[in-house]
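Peer 1: Have a look at this one.
The values are calculated or read from the model by the stated rules, or taken from the named source; none is laboratory data. Here the structure is a predicted model, which means the values were calculated and not measured. Here the Cβ positions follow ideal geometry from the backbone for every residue, glycine too, while neighbour counts run over all protein chains shown. All accessible areas refer to the heavy atoms of the entire protein, side chains included, with ligands and DNA or RNA removed. Shrake-Rupley method; radii C 1.70, N 1.55, O 1.52, S 1.80 Å.
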Amino acid sequence: MVNIFRWSWGLLLAFFCLFLVRVFLPLPFANEILIFAIYTIGCNFLLGRVGFISFGQPAYLAVGAYGTAFYLFYFGSNPFVGILIGVLSGVAIALLVGPFFVRLRSDYFALVNLALAVIMFYLFEKILAKITHGDNGLWFLTNMTSTPIIDLGNPSDFFIFTFLLAFGVWALYKYLDDSIFGACCLATKTNEDKLKFLGYSNFNIRWLAFVIANTTTAMAGSLYAVYFGFVSPEITAPSRAADPVIVTLLGGVGTLYGPIVGAFAYTGMKDLISGYIANWELFIGLLLVFIMLAGEKGIWGTLEPILKKLIFKKKNSTN
Amino acid sequence: MNTHASPEIIRTDNVTKKFGEMVAVDHVNYSLCENEIAGIIGSNGAGKTTFFNLITGYYTPEEGTVIYEGKDITALPAQKRVALGMMRTFQLTSTFDSLTVTDNLVLSFIRAHKKHSLFNLFVTPRSRHRNNDKIKECLETFDLQQVAQRDVKHLSLGEKRRLEIAMSILAEPKVLLLDEPLAGLSETEIKGVLDVLRLNVSKQTILIVEHKISKVEDFLERLTVMHEGKIIADGKCEECLNAPEVRKSYWQID
Ligand SMILES: Nc1ncnc2c1ncn2[C@@H]1O[C@H](COP(=O)(O)OP(=O)(O)OP(=O)(O)O)[C@@H](O)[C@H]1O
Ligand SMILES: [Mg+2]
C-alpha cells in the first residue's frame, strides 16, 4: 500500500501539471498535447524499454483512426464504441504484423514499419478509396450522437475524457515499468542472449511489448478521429512518420513523462514559432541536433534528476 | 563412460560444428551423469565454448545429436532447454546492465520458481520479490549485499561474475554449465565461488570449462581434455593430465 502511494504521487503531480495546461492555455492546444502524448508513449516505450526504433507509428495511428471512422461513418453513432473499435483494430494489426516485425534487428524494424506506413497510406488513399473516399476523407462529425455525462462532441468534455484516459495509460506504463515484464523488456533490450538462457522467450516478450505499444498508438488515432470528426489518409503520410520519434527524443527516451513534455514542447513550438517563421520544422531540427549532442537525454531526461534533487533536499531538511 | 551408478543426464553423439572450413567441434561423443562434477579443459580455441553452445542450444550442430534425460533435444530452442533444468553462464560475463543486481536475481528466480505465465509477468510487481528470502540469502552468499540496489553497469568485473554465477545457482538447475567462471576473479573470490559450488554439489550436476586446471583440480571428479575440436582424454584428473596426448598438446611437453 505504501508503495502504491509513493509511485502514484509522481503520477498525480504530473497530471495536475497537465491539467494546468487546460486552465491556462487554449483548449485545442491542451487536447492536441494529450493526444500527441498518448501517440508518443508507445514509440517511447518501444525505443526506451525494448530497444526498437520505429519510423512507422503513423501506420498504427491510421489503423486506429480508420477503425473508428468506419464505424462512425457507416455503422454506428456512439463515439465511445468508435474508440473501442479503433483500439481493437490496433490490437489486431499489432498481433498480425508483430510476429514478423519483432524478429528483425532494430534498424530493419525501423524501416519495415516505415514501409507499413507507406502501404497503409496507399491502402487508405487508393486501394480502399471506395470506402475511404480517398483524399477527401471521411466526415462524420455530425454522425456522432451526444452521450450523457461526457459528450465527446464537446471539446471541453473531450478533454476530460482524454485526460482520464491518458492518466490510465500512464498508470499502466508506470505499472509495466515496475512489473517483471518491464524488467524483461529492459533485459531483452540490453542482453537478449542472457535472457534466452534464463529461459525467457525474447520473441514473446517483444511481441507483447509491440502489441501494448501499438495498441496505445491506435488509441491516439481513435481519439484524433473522434476529436476532429474527420479522417483522411494524410494521417499516415510518410512525411509525418518521424513525428513520434522526434517527440520521443525531444522529451527524453525511456522516461515516463518524456512523451508529455515532448508533446508539450513540440506542439508549443509549432504553434509559437510558426507564427513568426514559416519553417518551424527547421527550428525543431536544430533543437534535436542540440539535444543529441548534449547527451541524448531530452528535456525531461535533463530536468528529472534536477527536480528529484530539489524534492529530495526538501525532504531531508524537513526531517 | 558411466563410472557412476547414476543415470546419464546429458549425452552428445558425434556433435559437429563448423565455422566455414574450420571444424570447431569435431564428432564429439560425451556423456555426463547425474550429480557428476566434471570439467573440460583445453588450450585456446580448442572448442570448449562451442561445445557448450551446442549443448545449451546456442548453436544447432551440423551433425550429431544432443540427448538430455533420454530425450533428443538437438532442435530444441535454448529457452526450452532451460525449462528442462539446464542453466549456463557465459565466458564473457553476461548480465543485464540496465537493471539492478537484485532485479537481475529476481528475473532468474521468477523464471525458475514461479510458474512461468503471463499472470506472473504482469501481476506481481518486481518489488514484491526483492525481499524474497532466497534472493537475500543469495546476495549474502555471493557477498553482493553492498551493491544490491546498484545498476549492474556500475559493478566491477569480479562482482559481475559473482552475480552471473549467483543467478545461475538461484535457478536451482539440474545441470549447471559454467564457462570459465573463475576468470578475472581474485584468489579469495575464487575460493568463495568454489565454496558455494561445493554446497550445491549434492543437488546438482556441474560441468565447468576452465582454462587453468590448477584452480579447480581438487574440485572435479572427472576431467575431459579437448584439443582442436576433439576429446583427447577423459577420466580422473590425475590420469588425464598425465596422458601422453595431453602432455603433448595441452602442456606442450614431450
Ligand atoms: N562465432 C564464431 N565464428 C567463427 N569462428 C568461431 C566462432 N566461435 C568460435 N569460433 C572458432 O572456433 C574455435 C573454437 O572456439 P571456442 O570459443 O569454442 O574455443 P575455446 O576452447 O572456448 O577457447 P577459449 O579458451 O579461448 O575460450 C576457435 O578457433 C574459434 O576461433
Ligand atoms: Mg571459450
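Peer 1: For every other residue with a beta carbon closer than 12 angstrom to the beta carbon of B:ASN35, add +1 if it is Lys or Arg and -1 if Asp or Glu, then tell me the sum.
Peer 2: -1
Peer 1: Note down the magnitude of the dipole of the protein assembly as shown about its Cα centre, charges +1 on Lys and Arg C-beta and -1 on Asp and Glu C-beta and zero elsewhere, to the nearest 20 debye.
Peer 2: 1280
Peer 1: Okay, moving on. Per 0.36 nm of contour for each residue apart, how much would the distance between A:TYR175 and A:ARG105 grow if the chain were fully extended, relative to their Cα-Cα spacing?
Peer 2: Answer, rounded to one decimal: 22.5 nm.
Peer 1: Between the range B:178-236 and the range A:91-123, what is the C-alpha centre distance in whole Å?
Peer 2: If we compute the Cα centre of each part, the gap is 46 Å.
Peer 1: Accessible area per residue for chain B in Å², computed with a 1.4 Å probe and the full protein assembly in place, what is it?
Peer 2: Per residue, chain B has 45 Å² of solvent-accessible surface.
Peer 1: Let me ask you something else. Give the shape of the protein assembly as shown as rounded, prolate or oblate, defined through the alpha-carbon gyration tensor: a ≥ b ≥ c are the square roots of its eigenvalues, a/c under 1.5 means rounded, and otherwise the shape is prolate if a/b is larger than b/c and oblate if not.
Peer 2: Since a/c reaches 1.5 and a/b is larger than b/c, the shape of the protein assembly as shown is classed as prolate.
Peer 1: Applying 1/(1 + (r/R0)^6) with R0 = 35 Å to the Cβ-Cβ distance of B:ASN29 and B:PHE219, what FRET efficiency is obtained, to the nearest 0.05?
Peer 2: It comes to 0.90.
Peer 1: Using the scaling law 2.2 N^0.38 Å as the reference, what is the normalised Cα Rg of the range A:2-239?
Peer 2: The reported ratio for this selection is 1.04.
Peer 1: Relative to the first principal axis of the alpha-carbon coordinates of chain B, what is the inclination of helix B:101-113, with its axis defined by its Cα atoms, in degrees from 0 to 90 and to the nearest 10?
Peer 2: Relative to chain B, helix B:101-113 is tipped by roughly 70 degrees.
Peer 1: Pull up the cross-link candidates among the aspartates and glutamates for A:LYS126, meaning alpha carbon to alpha carbon under 13 Å and not fewer than 8 places away within one chain.
Peer 2: Here the aspartates and glutamates satisfying the reach criterion relative to A:LYS126 are A:ASP135, A:GLU234.
Peer 1: With the full set of protein chains in place, find how many percent of the accessible area of the protein assembly as shown is carbon and sulfur; take the probe as 1.4 Å.
Peer 2: C and S atoms contribute 61 percent here.
Peer 1: Can I ask one more? Give me the accessible area per residue for the range A:2-239, probe 1.4 Å, as a whole number in Å².
Peer 2: Averaged over the residues of the range A:2-239, the accessible area is 40 Å².
Peer 1: Also: Is any residue of the range A:216-239 close enough, with backbone N under 18 Å, to a label point placed 7 angstrom from the Cα of A:ASP157 along the Cα-Cβ axis, and if so, which?
Peer 2: Counting backbone N atoms under 18 Å from the label point, the list is A:223-230.
Peer 1: Estimate the FRET efficiency between A:ASP271 and A:THR302 by the formula 1/(1 + (r/R0)^6), using the beta-carbon distance for r and 30 Å for R0, to the nearest 0.05.
Peer 2: Given R0 = 30 Å and the Cβ-Cβ separation, E is 0.85.
Peer 1: Using θ = phi - 60° and the Karplus form 6.51 cos²θ - 1.76 cosθ + 1.60, what ³J(HN,Hα) does each residue of the range A:48-57 get, whole Hz, x for Gly and Pro?
Peer 2: Those phi angles translate into x, 9, 10, x, 10, 9, 10, 9, x, 4 Hz.
Peer 1: Another one. Which semi-axes, in whole Å and largest first, does the equivalent ellipsoid of the range B:89-173 have when worked out from the alpha carbon gyration tensor as the square roots of 5 times its eigenvalues?
Peer 2: 20, 13, 12
Peer 1: Moving on to the next point. Assuming R0 = 25 Å, can you tell me the calculated FRET efficiency for the pair B:LYS248 and B:ASN44, based on Cβ-Cβ distance, to the nearest 0.05?
Peer 2: 0.95
Peer 1: If I model a spin label as a point 7 Å beyond the Cα along the Cα-Cβ vector, how far apart are those points for A:CYS17 and A:ASN279 in nm?
Peer 2: 3.2
Peer 1: Please report the antiparallel percentage of the DSSP beta bridges confined to the protein assembly as shown, to the nearest 5.
Peer 2: Bridges in the protein assembly as shown that DSSP calls antiparallel: roughly 60 percent.
Peer 1: Keeping all protein chains in the complex and leaving out DNA, RNA and ligands, what accessible area do you get for B:ASP13 with a 1.4 Å probe, in Å² to the nearest 10?
Peer 2: We get 40 Å² for B:ASP13.
Peer 1: If you take the accessible area of B alone, add that of A alone, and subtract the area of the pair, what total do you get in Å², probe 1.4 Å, to the nearest 100?
Peer 2: 2600
Peer 1: While we're here: In what order, largest first, do B:GLU187, B:GLU221 sit by accessible area if the probe radius is 1.4 Å?
Peer 2: Ranking B:GLU187, B:GLU221 by accessible area, largest first, yields B:GLU187, B:GLU221.
Peer 1: How many nm is it between the label spots at A:SER77 and A:ILE311, if each spot is 7 Å from the Cα in line with the beta carbon?
Peer 2: That separation, rounded to one decimal, is 4.6 nm.
Peer 1: Taking 30 Å² as the minimum loss, tell me which residues in the range A:198-246 lose that much accessible area going from the chain by itself to the full protein complex (1.4 Å probe).
Peer 2: A:LEU198, A:GLY199, A:TYR200, A:LEU208
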